[in-house]
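Below: one structure, written as structure tokens.
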Amino acid sequence: MSEFETNFPGVRQIQSYIKDKQPVEIKLNIGEMIEGKILWQDNDCLCLMNEQQQKLLVWKQALVYIKAKG
């Protein structure tokens, strides 16, 4: 099992979204867009809380981009 690399810029950016409770927009590689707040991340996934208070587990390999809203 590989260790979580917190020194990578992408990991640090997502951590700042989590810390600041920043709403984000995520585009998936199937073309779908989802919005919400990222609760946590690990090496493979992130957990997004959407506007309906549902927790969505998103595999990082399915991401096209993440951008801050607002």
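Throughout, read-outs are computed from the coordinates displayed, never taken from laboratory work. Please read these numbers as outputs of a predicted model, since none were measured by experiment. Note that we place each Cβ from the backbone using ideal geometry, even for glycine, and neighbour counts take in every protein chain shown.
Once the Cβ-Cβ distance between Glu51 and Lys19 is put in as r, and R0 is 25 Å, what FRET efficiency do you end up with, to the nearest 0.05?
0.80
Which residues' amide hydrogens lie under 5 Å from the amide hydrogen of Leu39, considering only partners 5 or more residues apart or on another chain, with H built in the peptide plane?
Correct list: Cys47, Leu48, Met49.
Using the Karplus curve 6.51 cos²θ - 1.76 cosθ + 1.60 with θ = phi - 60°, what ³J(HN,Hα) values do you get for each residue of segment 39-48, in whole Hz, with x for Gly and Pro?
Each residue of segment 39-48 in turn: 8, 7, 9, 9, 4, 10, 9, 9, 10, 10 Hz.
Using the alpha-carbon atoms, what tilt in degrees (0 to 90, nearest 10) does helix 9-20 show relative to the longest principal axis of the chain?
Helix 9-20 sits at roughly 50 degrees to that axis.
Give me Rg/Rg_expected for the chain, where Rg uses Cα atoms only and Rg_expected = 2.2 N^0.38 Å with N residues.
Compared with the compact-globule rule of thumb, the chain sits at 1.04.
Please report how many Lys pairs in segment 9-68 have alpha carbons closer than 14 angstrom, counting only residues at least 8 apart along the chain or sitting on separate chains.
Count of close lysine pairs: 8.
With the alpha-carbon atoms as the only input, what is the per residue convex hull volume for segment 1-41 in Å³?
Enclosed volume per residue, from the Cα hull, is 92 Å³.
With each pseudo-label sitting 7 Å past Cα toward Cβ, what's the Asn29-Glu5 distance in nm, one decimal?
Inter-label distance under the simple model: 1.8 nm.
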